[in-house]
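The values are calculated or read from the model by the stated rules, or taken from the named source; none is laboratory data. Because the structure is a prediction, the values reported are computed rather than measured. Cβ atoms come from the backbone with ideal geometry, glycine included; neighbour counts cover every protein chain shown.
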Amino acid sequence: MVELSNVIRNIPDWPKPGIQFKDITTLLSNAEALGACIQGLTAPWKDKGVDLVLGTEARGFLFAPAVAVALGAGCVLARKPGKLPGSSIREEYALEYGTDGLEVHDDCIRPGQNVLLVDDLLATGGTILAASNLVRRLGGNVVGYSFVIELGFLPGRSRLEPLPVHSLVTYSSEN
Ligand code: AMP
């Protein structure tokens with residue numbers, strides 16, 4: 001069986017010095033790894049009544065629809081500001097320098113729907129917390145989180161728990 005950590009490529013100093021970028025294109029192009037990845041992201045949620053899987057722009061979009069199909073759920077997109085055509089709500093979150101934002105269509109979740117949040121990577125948790133706030137503002141119920149990669153030396157997980165946080169590959173140090 002393929003070991004997912006072996007098909008994730010580390011690119012040092014990209015997009016800027018000091019960042020160890022976890023490149024998932026090498027995972028996506030490996031058929032066995034891609035299948036195992038979607039199965040792994042999906043497995044804990046099979047009997048949890050998930051109605052919708054939310055993916056965050058941009059790499060969350062690569063996984064959320066496949067997870068949604070596997071769960072018999074729908075898929076919703078949290079996009080960068082100004083990209084969605086319809087009436088939307090926005091959450092801003094802090095970056096190292098400045099702020100960024102995420103938006104969802106204001107009719108994409110009905111009150112009481114169970115929503116699983118999916119992204120490629122959990123670092124500080126700022127992105128996925130902003131997405132969680134959007135879900136809650138629309139009355140959705142966040143059932144948990146699935147990530148391909150977790151940077152375990154950053155506080156992302158502790159900001160999401162006690163809700164269930166599932167990740168497939170955890171890095172315990174920066175390198
Ligand atoms: P955060 O909001 O700090 O949890 O950052 C998570 C988001 O930033 C995810 O959508 C990732 O795609 C991206 N990201 C953060 N750090 C890295 C990294 N070292 N390698 C690849 N993507 C990253």
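Listed by first and then second residue, the pairs linking a residue in region 123-147 that is under 20 Å from Glu92 (Cβ atoms) to a residue that is more than 16 Å from the ligand (Cβ to nearest atom) and not hydrophobic (A, V, I, L, M, F, W, C), with Cβ atoms under 7 Å apart and 6 or more places separating them unless they lie on different chains, are Leu138/Asp106; Gly140/Gln113; Val142/Arg136.
If only one of Asp100, Asp107 is acidic (Asp, Glu) and either touching a strand residue (DSSP E or B) at 6+ places or on another chain (Cβ under 9 Å) or within 12 Å of the ligand (Cβ to nearest atom) (or both), which one is it? Spell out how you get there, then give the answer.
Details: Asp107 fails: either touching a strand residue (DSSP E or B) at 6+ places or on another chain (Cβ under 9 Å) or within 12 Å of the ligand (Cβ to nearest atom) (or both).
The conditions single out Asp100.
The residue that is nearest to Leu116 (Cα to Cα), counting only those in region 32-60 that are within 16 Å of the ligand (Cβ to nearest atom) and touching a Lys or Arg at 6+ places or on another chain (Cβ under 9 Å), is Thr56.
Suppose we keep only residues that are hydroxyl-bearing (Ser, Thr, Tyr) and farther than 25 Å from Asp106 by Cβ within region 29-79. Which one would you say is surrounded by the fewest Cβ atoms within 10 Å (Cβ to Cβ)? I'd like the intermediate steps shown before the answer.
Keep residues of region 29-79 that are hydroxyl-bearing (Ser, Thr, Tyr), which gives 29, 42, 56.
From what is left, the residues that are farther than 25 Å from Asp106 by Cβ are 29, 42.
On the way: Ser29: 10, Thr42: 23.
Among them, the one singled out is Ser29.
Name the residues in region 130-175 that are closer than 22 Å to His105 by Cβ and either at pLDDT below 95 or aromatic (Phe, Trp, Tyr) (or both), would you? Within region 130-175, Tyr145 is the sole residue that qualifies.
Given Leu151, Leu116, Leu121, Leu102, which one is within 17 Å of Leu52 (Cα to Cα) and crowded, with 18+ Cβ neighbours inside 10 Å?
Details: Leu151 fails: within 17 Å of Leu52 (Cα to Cα); Leu121 fails: within 17 Å of Leu52 (Cα to Cα); Leu102 fails: within 17 Å of Leu52 (Cα to Cα).
The conditions single out Leu116.
Restricting to region 116-162, count the residues that are under 16 Å from Arg59 (Cα atoms), in a helix (DSSP H, G or I) and not aliphatic (A, V, I, L, M). Residues in region 116-162 being under 16 Å from Arg59 (Cα atoms), in a helix (DSSP H, G or I) and not aliphatic (A, V, I, L, M): 2 in total.
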